[in-house]
Each structure stands twice: as C-alpha cells, then as structure tokens.
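Student: A single structure is presented below for examination.
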Amino acid sequence: MPTHQSPVSRPPSVGGSFQLVDHHGVRVTHETYQGRFVLVFFGFTHCRVVCPRALSKLSTVLARIGPLAEQLQALYITVDPERDTPEVMRAFLENRYPRFTGLTGTRAEIDAAKRAFRVFAERRLDPNEPDGYVVPHTAISYVLNPDGKYAAHFIDALDETEVTDRLRMVLRAHAASE
Ligand code: NI
C-alpha cells in the first residue's frame, strides 16, 4: 500500500504555535526552532513504560540517521508540568536521552501545546505511585518541517527500523525539494 507508506499521505493539522520553557530555563516558542526539522514527543519523566521505550527508540533512530540528525531538533514536552520543572527535565534527559531538549511551562501553556498537537493526557489517580497519580498520554511522535508545518507522525507501534526509514525519507524529500 504505497499511500500508507508515505510519510506525508495523511497530514493532520497538528503543530503550530507553542510558548514554553526549555530545560535550561530559557523561554522558547515554535519560532525558536524554525529552520530545522522538529521531532516532538509528549510525556512525563515519571512515566514507567511508554516514555522510556519511545525515547530510547527515537534516540536510536537519531543515531542511525547519522549526519541527517543535524537538521533536526528533538523535543520532549511534558504533560506533567507540576513535577517536571526545567531542572527535573534536564537531569532526566541529559542522563539518559541527551539528544532531546525538554520543554515545560505553566499548566495553561502545556494545555495549549497539547491542543496544538492534539495530544491527549489527563492525570489519573494511582495509589501505587509515589505522588498518587500517573498521566496516561498519547504516544505519537510528530515531525515538523523547518517552516513549522506538519511533515509526518509515527505511531508507537512502529519499530526502530520503520521509524528510521520514514524519517530518512522525510528529511531527504525536503533536501531534494530545495
Ligand atoms: Ni510517558
């Protein structure tokens, strides 16, 4: 099914504007990253399964695409801003997933970013967690073009090889069009 294989076959209207703080405490917006591709994943640092698996997979993909990764900024946007301060995000990412920059913000700023990417994430009580809650969240990665427009998305079920192939295709297609 060639249409299904194409990374640009089904462009949902995701992406657009956000105003957040990066893990160095610097205010950023969507315009901060214009001129580069952006790979975005939403999650929270206390996530036990989905985020570690996704961030590991995406880190491997970025290593595999080699120099192409220099055209791309990888962002991890928290859906748990009450716990995920810039300092928490930085410690988490620099230790384990150094290719990613973490973004956080106020609850209102995070909610706006979630709407822009159509990400679902709501707190759920969980007595087995240290703080009594988890934040189940959408596990889709989004790629934006250097002009900030939607380029592709990758569902969680895709493996490292599939994501690597599709991301390469997106980056090369753009290079060829210039
Ligand atoms: Ni997660």
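Student: Residues that are more than 17 Å from the chain's Cα centre (by Cα), at pLDDT 95 or above and polar (S, T, N, Q): does the stretch 94-107 have at least one?
Tutor: Looking for residues that are more than 17 Å from the chain's Cα centre (by Cα), at pLDDT 95 or above and polar (S, T, N, Q), one finds at least one in the stretch 94-107, hence yes.
Student: In the stretch 69-91, what residues are of a type in the set (A, V, I, L, M, F, W, C) and touching a Leu at 6+ places or on another chain (Cβ under 9 Å)?
Tutor: Ala69, Leu72, Ala74, Leu75, Ile77, Met89
Student: Also: So which of Gly35, Gly15 ends up being crowded, with 21+ Cβ neighbours inside 10 Å, modelled with pLDDT under 95 and not in a helix (DSSP H, G or I)?
Tutor: Every option except Gly15 fails the conditions.
Student: Report every pair of residues separated by at least 6 positions or lying on different chains whose Cβ atoms are under 9 Å apart, first residue within the stretch 73-96 and in a helix (DSSP H, G or I), second surrounded by fewer than 17 Cβ atoms within 10 Å (Cβ to Cβ) and among the β-branched types (Val, Ile, Thr).
Tutor: Between residues of the stretch 73-96 that are in a helix (DSSP H, G or I) and residues that are surrounded by fewer than 17 Cβ atoms within 10 Å (Cβ to Cβ) and among the β-branched types (Val, Ile, Thr), the close pairs are Pro86/Val26.
Student: Any idea which residue in the stretch 18-32 is modelled with the lowest pLDDT, counting only those that are surrounded by 14 or more Cβ atoms within 10 Å (Cβ to Cβ) and in contact with a strand residue (DSSP E or B) (Cβ under 7 Å, 6 or more places away or on another chain)?
Tutor: Phe18
Student: Taking the condition of being basic (Lys, Arg) and crowded, with 18+ Cβ neighbours inside 10 Å, how many residues in the stretch 110-125 meet it?
Tutor: 1
Student: Also: What number of residues within the stretch 20-54 satisfy the criterion of being charged (D, E, K, R) and near the ligand (Cβ under 9 Å from one of its atoms)?
Tutor: 2
Student: Another question, if that's okay. Which numbered condition trips up Lys57, out of (1) outside any strand (DSSP E or B); (2) within 14 Å of the ligand (Cβ to nearest atom); (3) within 18 Å of Val135 (Cα to Cα); (4) of a type outside the set (Gly, Ala, Ser)?
Tutor: Going through (1) outside any strand (DSSP E or B); (2) within 14 Å of the ligand (Cβ to nearest atom); (3) within 18 Å of Val135 (Cα to Cα); (4) of a type outside the set (Gly, Ala, Ser) one by one, Lys57 breaks only (3).
Student: Identify, please: which residue in the stretch 155-168 is surrounded by 13 or more Cβ atoms within 10 Å (Cβ to Cβ) and either of a type in the set (Val, Ile, Thr) or modelled with pLDDT under 95 (or both) and is, among those, farthest from Leu72 (Cα to Cα)?
Tutor: This residue is Asp156.
Student: Let me ask something else about it. Could you grab me the full set of residues in the stretch 123-151 that are of a type in the set (Gly, Ala, Ser) and on the phi < 0 side of the Ramachandran plot?
Tutor: Ala139, Ser141, Ala151
Student: Out of curiosity, is Ala116 modelled with pLDDT of 95 or more and within 23 Å of Gln19 (Cβ to Cβ)?
Tutor: Considered against the rule, which asks whether it is modelled with pLDDT of 95 or more and within 23 Å of Gln19 (Cβ to Cβ), Ala116 comes out as no.
Student: Restricting to the stretch 126-144, and then to whatever is buried (at least 20 other Cβ atoms within 10 Å of the Cβ) and more than 13 Å from the ligand (Cβ to nearest atom), can you tell me which residue is farthest from Ala54 (Cα to Cα)?
Tutor: Across the stretch 126-144, the extreme among qualifying residues is Leu144.
Student: Quick check on Thr78: is it modelled with pLDDT of 95 or more, within 13 Å of the ligand (Cβ to nearest atom) and closer than 29 Å to Asp147 by Cα?
Tutor: yes
Student: Follow-up. Kindly provide the set of residues from the stretch 161-178 that are part of a helix (DSSP H, G or I) and of a type in the set (Asp, Glu), ordered by number.
Tutor: Across the stretch 161-178, the qualifying residues are Glu162, Asp165.
The values are calculated or read from the model by the stated rules, or taken from the named source; none is laboratory data. Source: prediction; values computed, not measured. FYI the Cβ positions are ideal-geometry reconstructions off the backbone, even for glycines, and counts take in every protein chain you see.
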